[in-house]
There are 2 protein chains.
Amino acid sequence: MNEPVFWIAPIAAVLALIYARTFFKAMLSHDAGTARMREIGEHVRQGSMAYLRQQYKIMLLVFTLLAIVFGVLAYQFELQNPWLPFTFVFGGFFSALAGYFGMQTATLASTRTAAAARTSLPDALRIAFRSGAVMGLVVVGLGLGNIVVWFLLANLLVPEGTAGEGVRMVLITTTILTFGVGASLQAMFARVGGGIFTKAADVGADLVGKVESGIPEDDPRNPAVIADNVGDNVGDVAGMGADLFESYCGSILAACALGAAAYVTDPTLQMKAVVAPIAIAAIGILLSIIGVFLVRTKEDATQKDLLASLSRGINASALMIIAGAAVLLLLLGIPNVWGIWAAVVTGLVTGIIVGRSTEYATSASYRPTRHIASQGEGGPATLIIAGVGVGMLSTALPVLAVGTGIILAYWFASGFDLTQMNLGLYGVAIAAVGMLSTLGITLASDAYGPIADNAGGNAEMSGLGAEVRARTDALDSLGNTTAATGKGFAIGSAALTALALIASYIEVIRIELVKSGQTMLTLGHGMTVETAQATLTDFMIFFNVTLLNPAVLVGLLLGAMVAFVFSGMTVQAVGRAAILMVEEVRRQFREDPGILQGTSQPNYERCVAISTMGAQREMILPALLAVTTPVVVGLVLGVAGVIGLLMGGLASGFVLAVFLSNAGGAWDNAKKYIESGYHGGKSSRAHRASVIGDTVGDPFKDTSGPSLNILVKLMSIMAIVVAGVTVSYSLI
Amino acid sequence: MNEPVFWIAPIAAVLALIYARTFFKAMLSHDAGTARMREIGEHVRQGSMAYLRQQYKIMLLVFTLLAIVFGVLAYQFELQNPWLPFTFVFGGFFSALAGYFGMQTATLASTRTAAAARTSLPDALRIAFRSGAVMGLVVVGLGLGNIVVWFLLANLLVPEGTAGEGVRMVLITTTILTFGVGASLQAMFARVGGGIFTKAADVGADLVGKVESGIPEDDPRNPAVIADNVGDNVGDVAGMGADLFESYCGSILAACALGAAAYVTDPTLQMKAVVAPIAIAAIGILLSIIGVFLVRTKEDATQKDLLASLSRGINASALMIIAGAAVLLLLLGIPNVWGIWAAVVTGLVTGIIVGRSTEYATSASYRPTRHIASQGEGGPATLIIAGVGVGMLSTALPVLAVGTGIILAYWFASGFDLTQMNLGLYGVAIAAVGMLSTLGITLASDAYGPIADNAGGNAEMSGLGAEVRARTDALDSLGNTTAATGKGFAIGSAALTALALIASYIEVIRIELVKSGQTMLTLGHGMTVETAQATLTDFMIFFNVTLLNPAVLVGLLLGAMVAFVFSGMTVQAVGRAAILMVEEVRRQFREDPGILQGTSQPNYERCVAISTMGAQREMILPALLAVTTPVVVGLVLGVAGVIGLLMGGLASGFVLAVFLSNAGGAWDNAKKYIESGYHGGKSSRAHRASVIGDTVGDPFKDTSGPSLNILVKLMSIMAIVVAGVTVSYSLI
């Protein structure tokens, strides 16, 4: 590796893992509280691990099967990149490993946070946040570490001089891109399964506990209460972690592939373009670690102080990255250095705007959520109509932000020459890398949320005083705000990453065409170009990927439809799993009246098992939809249809995800707003309406909405994986 | 006009209007019932006309303003087709006229249907259905009549030899295409305004009447009851009529324009291709009239008999058209006659499949709606989650049907040569014409619904016996099934028509480019083609309308976003207008306790006025969004961005419309299913949940869903209208 800047990446990856270990050890050294607290913590921990074991079992099965299929395709029919079976398994394994570490940490940390909250708010914040940082740093450390290892390995194993130095690098980068397919598939399982688990438990616990039996939230008499707490971990920690592990790796790898393609004629510049995204990610890790240390607060901190303290860490990291990226890119000597740098900044700013707009749509400090709350006075119907309306309107800002971000990043990176499509799309990928460069710390503030939430649950169930609960509530409520921002980053980065992946798809198609002996492309009017030298536009013309090709249009329609059908499946899955939970809780109350009197302990494990079973069964079909659609569409409608499918899925999936997440978040906060005393406060007509709205929104915001991000990316990367089959066997 | 087949069109148009007049006179000759029935009928009639007057006032203002703008653009800056100010005003005027006639008929017919139901079910069916046929025949008669007049006029006024005979016909057809913009805009006002009016009244009447005061539906003590009945007319009669008037004209005109473009080099064949869609529409009118006469039933008819009788009429028309179109096309001697014929059949079959799939998703005879009803036992939250899930899953079949229809129509019409883009897209437009060829009778069965519904309301309010109410209920429930099919046709045809309009957009762009002196297009690799001879693919390449152009992608995102924001606006509008209605009904009950005791008459007019005001105020913003977006996107992102916007809006808007319509319809029927005795029947927990679900679904299925059809078409035709501005002034 003759590009010294590259070596910052392994250093950053190793440092991330070292600090993750340090924070983990530090967390473990804290007091885990009373025997009761430990006992409850252990329940949640056991439940979470039981769920993970079950999920990993199914994954093992699916991954083994698919690896064999990929192996046969690669070695028997030579329709597949021969590396794929291995990169596929590795991607899945490390994604699962990141989730496992995050979950271990979160479940151990929540009791300790609750214990610390007995005496000190700043201590509790530090424990919770640094435990969240373990997850953040593990994700970026493992992600970047893997990329480094595979990159070096591929450089070593693909013989030099293969198809010319420039094409060799395209081959290497598109090969390690397949690493993403395992990560995506595991993310899909983690997000959908975790999302179904958490909401089935939540809805089940609420419907019977709060609505039917009138016992408060987190009451230990509710048999589903442990499952509810487990759900926060499997959905928000393991699910979110796997999701962003995938986005993080995907954006870096897509940028590498597009960089390699953009400078295919000049190996020296090409290497710089490939190293740039890796180096930007590395500097992001280093500065995220510094940011984590900036998050601290004083004893009598208000909610505002807490938020300021978190924001200080995140904003400082972002500002330092803006400066650090400039230095790095200058050192690297990449061409159009300021254009590339501007793309990085565009990505960061876009992420912040999307996050802010999510906050505006869902926080009770602003008009939309307050409007929903006020409509609660007319009953559940008007409250739900208002939430649907707010959610739909809230799609405007994120789309405008991401749209502007795409155009600007393209414009900057192409040196203001819009016909330079390859350079421009490289810029879009770089913007995604920029947006995710602070992931180490933004993910920390995400993973922090469920830890604080669980700490509150633990405090309630252990019967700690109201003061302790007030402290954990302050931390929890802060978590909701940071989670909104985190979701904004997840959604925004997914859109950019998916676009970059779709562009990379063409590079893979190029390789497949060359492999199959098609060295020339016919462009109409008797014009031909060499496949190896063809521009992206040439490929668009060759495959007629224009908007009036019916295959493209039908692809667009199918993409929009898949987004809706996928959401329908996951929403229905939550409904079905929740009904099972409702029946189980009712059964326990009925068969043992001692539970509600507090004299006998409910069977928590049974509820955890029911949610686990429901989640496992229900996650198969949506995952299958995501995996098979690009294959089937490719076989029937060809390359043009596939790109239509991916773009339609991206456009509709993005907008639908924002709608679902924001409507759900706004209902949740409208309920909290009413509970804080507005429109009649607790037990008023408006409050009853808002509880219904919140329940409707639960699968929207925590299952379907976030899973759509992965759907969009998984479809893109599946298309990449089966490109060889599409090129060889499509009908049209 | 040297194509004799053409003259079937004016004959058919005149016959349609003559039969409409005959059916109208026949309806008037029937007994209008007791004094009480007449009085109530008069209330509804006055309310409906008051609403229409108000809507037409606002339209007059908007149309005058826009006509001046178009005039200035056309005559001052020469950026506009000089015919536009006139075609625009005419399109709006005739669309409004069709709505006005339909409304007159519907309001007069409902009392007479109720009166006939006192003695005979077959009589009641015949009166209601033939009155619906007045609407159907007026729409197709005025639509086709207008097209004939403008076509002859343009042929007369555009001097022969203008830019060569072939290009002259392209000029003529794209000129009369602008006739659609007035029709679209008026349809938008009618659909959105009518949709807001009807649902504000419905939700308001239900929330205070049924839920708070416990009085039954259609009870004359409810002050909003007249407004509710008025709403059925302004939403389902005038709104639906204007919508389909626009689809009908749009599909024919787009097919003419694409036919002219496909045969630009051969004026004789060109004329045949232009006349074909007009002639198919004409034969459709003649056979629809025959179909209307086939709808009759016997005295002791069951629900099944009624449905069979309606289906007989519709199916017979469809089958006769399949045969008639073959004869006609052979007479015309159009090239690839069987391919074109197959496209017509494809359109008809696609419409039927989409209609059936709507029925499957929303009828209580099938699993999805029964599933929703069963989830009502868990309360409103699980019922609503189930409905959202069902609605989302129900998008699959219509998308697959329309997607297959597009591919097949394109394939047949292109003579199985997919590179013949112009011929293929002409086939898609012909398929839309085929789907709408039976409009005379399908619209009759749509407009029949609100007549039967209002007849039931009249029977209830006039205190007619239970037997009479049972008869009108049978007619009403039949109306719900046919309305589902009708919505399927409206949605399916909108998708095909929008696609055809987008293709026509390119033809308009061609004319604008030629006008602006750009006689050659540069296609890259040093290749150029003559603008006048360029294929659609050449234009796609010239404007880089490929899926990797960031302008296209951002356009796709914006299109998806506009569909959601538009729906959010209309949903919110219903919520706001409903709250005003709730307050008014509560106020009347509070200030005059005699109303609920039945001793004093409520103030119906005030409720009508409130809904009218609400609808008028709230329809401005969504209409503005639809009109301005294509202009702004054109100025910023150019032709590629506009096509992206239109395609994104089409894909997402179509899927979203199906979701909203089906979820709303399924909730409605789940409620009726529970009321018929399942899951505890009326007043059970499940029933209360289903009333909430129905209320949530009301704006989905009757305001936002159907309005999306028009949004998609209005954006396309606005893009066509401002093509000159886009070509001359876009930034990118």
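Structure above, values below:
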{"read-out": "Residues of segment A:394-411 satisfying the condition of being β-branched (Val, Ile, Thr), assigned to a helix (DSSP H, G or I) and either facing another protein chain (nearest Cβ under 7 Å) or surrounded by 24 or more Cβ atoms within 10 Å (Cβ to Cβ) (or both)", "value": "A:VAL399, A:VAL402, A:ILE406, A:ILE407"}
{"read-out": "Test: residue in segment A:244-262 that is farther than 30 Å from A:GLY339 by Cβ and in contact with a helix residue (DSSP H, G or I) (Cβ under 6 Å, 6 or more places away or on another chain)", "value": "no"}
{"read-out": "Qualifying residue in segment B:547-559 (condition: at pLDDT below 90, of a type in the set (S, T, N, Q) and in contact with a helix residue (DSSP H, G or I) (Cβ under 7 Å, 6 or more places away or on another chain))", "value": "no"}
{"read-out": "Single condition B:PHE23 does not satisfy, out of (1) over 24 Å from B:ASP446 (Cβ atoms); (2) among the hydrophobic types (A, V, I, L, M, F, W, C); (3) in contact with a Ser or Thr (Cβ under 9 Å, 6 or more places away or on another chain)", "value": "(1)"}
{"read-out": "Verdict on A:ARG36 being of a type in the set (Lys, Arg) and within 26 Å of the chain's Cα centre (by Cα)", "value": "no"}
{"read-out": "Subset of segment B:570-581 [surrounded by fewer than 23 Cβ atoms within 10 Å (Cβ to Cβ) and within 7 Å of chain A (Cβ to nearest Cβ)]", "value": "B:ILE579"}
{"read-out": "Candidate set: segment A:357-386, residues that are touching a Phe, Trp or Tyr at 6+ places or on another chain (Cβ under 6 Å) and not hydroxyl-bearing (Ser, Thr, Tyr); chosen: the one nearest to the other protein chains (Cβ to nearest Cβ)", "value": "A:ALA373"}
{"read-out": "Helices (runs of 4 or more DSSP H) wholly inside segment B:635-732 containing at least 1 residues that are within 12 Å of chain A (Cβ to nearest Cβ) and closer than 30 Å to B:ILE384 by Cβ", "value": "B:685-699, B:705-721"}
{"read-out": "Pick from segment B:15-46, criterion of a type outside the set (D, E, K, R) and outside any helix (DSSP H, G or I), ranking: nearest to B:ARG126 (Cα to Cα)", "value": "B:HIS30"}
{"read-out": "Some residue of segment B:516-528 being touching a residue at least 12 places away in the same chain (Cβ under 8 Å) and under 19 Å from B:GLN420 (Cα atoms)", "value": "yes"}
{"read-out": "Condition met for B:THR528 (of a type outside the set (A, V, I, L, M) and under 26 Å from B:VAL428 (Cα atoms))", "value": "no"}
{"read-out": "Residues within segment A:531-568 that are farther than 22 Å from B:GLY641 by Cα, more than 7 Å from every other protein chain (Cβ to nearest Cβ) and crowded, with 23+ Cβ neighbours inside 10 Å, tallied", "value": "3"}
{"read-out": "Subset of segment A:70-86 (residues that are in contact with a Gly (Cβ under 7 Å, 6 or more places away or on another chain) and in contact (Cβ under 8 Å) with a residue 60 or more places away in the chain)", "value": "A:LEU79, A:GLN80"}
{"read-out": "Single match in A:ILE252, A:ILE226 (criterion: over 27 Å from A:PRO602 (Cα atoms) and either small (Gly, Ala, Ser) or assigned to a helix (DSSP H, G or I) (or both))", "value": "A:ILE252"}
{"read-out": "Matching residues in segment A:21-45 - criterion: being of a type in the set (A, V, I, L, M), surrounded by 14 or more Cβ atoms within 10 Å (Cβ to Cβ) and more than 29 Å from A:ILE289 (Cβ to Cβ)", "value": "A:MET37, A:ILE40"}
{"read-out": "Any chance A:GLY524 is surrounded by fewer than 22 Cβ atoms within 10 Å (Cβ to Cβ), small (Gly, Ala, Ser) and either out of contact with any helix residue (DSSP H, G or I) (no Cβ under 9 Å at 6 or more places or on another chain) or at the interface with another protein chain (Cβ under 8 Å from one of its Cβ atoms) (or both)", "value": "yes"}
{"read-out": "Residue check, B:ALA276 under 20 Å from B:ALA316 (Cβ atoms), within 24 Å of the chain's Cα centre (by Cα) and modelled with pLDDT of 95 or more", "value": "no"}
{"read-out": "Residue in segment A:187-207 that is away from chain B (no Cβ under 13 Å), within 12 Å of A:PHE589 (Cβ to Cβ) and of a type in the set (Ser, Thr, Tyr) present", "value": "no"}
{"read-out": "Selection status of B:GLY415, more than 24 Å from the chain's Cα centre (by Cα), farther than 30 Å from B:HIS679 by Cβ and away from chain A (no Cβ under 11 Å)", "value": "yes"}
{"read-out": "Where A:GLY517 falls short, out of the listed (1) buried (at least 24 other Cβ atoms within 10 Å of the Cβ); (2) more than 8 Å from every other protein chain (Cβ to nearest Cβ)", "value": "(1)"}
{"read-out": "Yes/no for A:LYS682 being charged (D, E, K, R), in contact (Cβ under 8 Å) with a residue 24 or more places away in the chain and farther than 22 Å from B:THR382 by Cβ", "value": "no"}
{"read-out": "B:ILE340 away from every other protein chain (no Cβ under 14 Å), touching a residue at least 24 places away in the same chain (Cβ under 8 Å), surrounded by 21 or more Cβ atoms within 10 Å (Cβ to Cβ) and among the β-branched types (Val, Ile, Thr)", "value": "yes"}
{"read-out": "In segment A:39-74, the residues that are within 25 Å of the chain's Cα centre (by Cα), more than 15 Å from A:ARG112 (Cα to Cα) and of a type in the set (Val, Ile, Thr)", "value": "A:ILE58, A:VAL62, A:THR64"}
{"read-out": "Answer from A:TYR505, A:TYR448, A:TYR426 - the residue that is within 13 Å of another protein chain (Cβ to nearest Cβ), farther than 23 Å from A:GLY648 by Cβ and in contact (Cβ under 8 Å) with a residue 60 or more places away in the chain", "value": "A:TYR426"}
{"read-out": "Residue match in segment B:369-376 (condition: farther than 21 Å from A:ILE196 by Cα and small (Gly, Ala, Ser))", "value": "yes"}
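For (1) among the β-branched types (Val, Ile, Thr); (2) at pLDDT below 95; (3) crowded, with 18+ Cβ neighbours inside 10 Å, each residue gets a yes or a no:
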{"residue": "A:LEU306", "(1), (2), (3)": "no, yes, yes"}
{"residue": "A:ASN315", "(1), (2), (3)": "no, yes, no"}
{"residue": "A:LEU319", "(1), (2), (3)": "no, yes, no"}
{"residue": "A:GLY351", "(1), (2), (3)": "no, yes, yes"}
{"residue": "A:SER357", "(1), (2), (3)": "no, yes, yes"}
{"residue": "A:ALA364", "(1), (2), (3)": "no, yes, yes"}
{"residue": "A:GLY376", "(1), (2), (3)": "no, yes, yes"}
{"residue": "A:ALA381", "(1), (2), (3)": "no, yes, yes"}
{"residue": "A:MET392", "(1), (2), (3)": "no, no, yes"}
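The values are calculated or read from the model by the stated rules, or taken from the named source; none is laboratory data. The structure presented is a predicted model; accordingly, all values stated were derived computationally and were not measured. Every residue, glycine among them, receives a Cβ derived from its backbone with ideal geometry; neighbour counts consider all protein chains shown.
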